[in-house]
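Structure, as structure tokens:
The values are calculated or read from the model by the stated rules, or taken from the named source; none is laboratory data. Because the structure is predicted, anything quoted here is derived from the model rather than measured. Cβ coordinates were reconstructed from backbone atoms using ideal geometry, including for glycine residues, and neighbour counts include every protein chain displayed. Quick note on the areas: whole protein, heavy atoms, side chains included, nothing else; ligands and nucleic acids left out. Shrake-Rupley method; radii C 1.70, N 1.55, O 1.52, S 1.80 Å.
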Amino acid sequence: MIRKLWSTCIDELFGFYLLHRFFYYQKQPLVVSNAGESVPELHSGDLTTFFSPVPTAAQLEYQPRLRPASKLTFDAAEVEDFQFLSSIQTTFPENDLVKGRHWKSTAVSRESGASPRYTVVAVDGIVQMGIRSFNRLAQRLTPCGVDVVMLDSPFNYRRTPAGYRPGQLIAGGNLDHQLTVARQGVLDLWSLILALQNQGHQIGLVGISHGAWMSLTAALLIDQLEFVMAITPPVDLFHILEEGGTVVNAIRRGVGDDVTEPERLEQLTRPLVVPNWQPRLDASAIHLHVADFDRFVPSFRIQALAEQWQAKSSHHRLGHIEATTGPKVVAQVAEDVLDFWNLKPQ
């Protein structure tokens, strides 16, 4: 009982803080988009149509780090930043230059014929301000020969336009804007995965919160993924408008006045509702992490998806913030990655 009360308090207080210090920052007006008029895929209601055309492999431009990687040292990795142009163009040029970070393991040879290039592609939640979780992943995985690649999602972290805060513009617009952001995020992730696969990487996905939704959606579209490990994913972006916690108020603000008919809204958001579709990889390679005391994301829908797909699920007696920012769940995910690829020392 005390554990639940503590977790609930953290989620509620942090949710209120995010809502007012990030999503309502400087009382920026909503971005009003009419993208559906020029991009018919946006209103299709169909998964493959919505996320079409299939993107080309990204042209990754590696460069010196855009920001310091961390005070932590990586004896078994070289850390490089990269960028590439998104296939989707918005009215914010800063957002349309996709950015990421690559922890390249130096624990295995990269010569031709060497062991497989195991790589985890990771995406963080709706307000990403740093890389702590992925540093933790890299610290555990790179000594075992696994690369870690982090993607900055649209309007987040280093793709945040001047005058806004990370994540503010993910939810800070009308329905067409929010649909465009979702479409851009998945297509950017797809383009990155294709580039890495073309280089010989075997790709597994790790997502946190909003990034977990992106990872699961990618699994509905992309072939030859190894696994998906999703931490507290919002699997149903239609029902979350009624069931989600405080932070969802930012999403409701943009959607509420745009489409008033529930049936129409449900049709438009069908491609974003993961349980409507089937994954392209075996369900045994999907692992869903549920925070039992989550006040942001409805936990029962994550468990229902696990049962629907017959995927693996793990429950944690934590709230959303503890599960997504603390070390416990990420540490378990790292161990699960090593187990999946059988990389632990015998």
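Select from Asp292, Asp336, Asp96 the residue whose mean-square fluctuation is largest in a Gaussian network model of the chain (Cα-Cα springs shorter than 10 Å). Judging by the Gaussian network model, the answer is Asp336. In this view, the solvent-accessible surface of Thr56, computed with a 1.4 Å probe and all protein chains in place, comes to about 110 Å².
When +1 charges are put on Lys and Arg Cβ atoms and -1 charges on Asp and Glu Cβ atoms, the dipole computed for the chain relative to its Cα centre reaches about 1100 debye. Per-residue accessible area (protein heavy atoms, 1.4 Å probe) orders Trp103, Trp190 as Trp190, Trp103, starting from the largest. Accessible surface calculations at 1.4 Å, restricted to protein heavy atoms, place the range 126-242 at 22 Å² per residue. Rounded to the nearest 10 square angstrom, Tyr17 shows an accessible area of 110 square angstrom against a 1.4 Å probe. Projecting the Cα atoms of Phe50, Ile2, Leu288 onto the dipole axis of the chain, where Lys and Arg carry +1 and Asp and Glu carry -1 at the beta carbon, places Ile2 farthest toward the positive end.
Estimated purely from DSSP H runs of n ≥ 4, each contributing -39500 (n - 2.57), the mean residue ellipticity at 222 nm for the chain is -10500 deg cm²/dmol once divided by its residues. If the chain linking Glu61 and Thr8 were pulled fully straight, counting 0.36 nm for each residue of separation and taking away their Cα-Cα distance, it would gain 14.8 nm.
Helix 132-141 sits at what angle to the longest principal axis of the chain, using alpha carbons and giving 0 to 90 degrees rounded to 10? Taking Cα atoms only, the helix is inclined about 30 degrees. The simple Förster model, with R0 at 30 Å and r as the Cβ-Cβ distance, assigns Thr106 and Asn342 a FRET efficiency of 0.90. Orientation-averaged projection of the range 232-300 equals 5.3 nm² [convex hull of Cα atoms, one quarter of hull surface area]. Largest to smallest in accessible area, the residues Leu13, Leu237, Leu42 fall in the order Leu13, Leu237, Leu42 (1.4 Å probe, all protein chains included). Cys144 exposes around 30 Å² of accessible area when a 1.4 Å probe is run over every protein chain in place.
Full extension of the chain between Gln278 and Arg132 gives 49.4 nm of extra length, using 0.36 nm per residue less the Cα-Cα distance. Per atom type, the range 203-346 shows carbon and sulfur on 47% of its accessible surface, probed at 1.4 Å.
Among Asp188, Asp75, Asp236, determine the one that fluctuates most according to a GNM of the chain built with springs between C-alpha atoms less than 10 Å apart. Result for the chain, Cα springs under 10 Å: Asp75 fluctuates most. Under the shape rule built on the C-alpha gyration tensor, where the axes satisfy a ≥ b ≥ c, the range 210-346 is oblate, since a/c reaches at least 1.5 while a/b does not exceed b/c. Given 0.36 nm per residue, what is the gain on full extension from Arg264 to Met1 after removing their alpha carbon distance, in nm? Extending this stretch completely gives an extra 90.6 nm. The count of lysine pairs in the chain with alpha-carbon distances below 20 Å, taking only pairs 8 or more places apart or on different chains, stands at 5.
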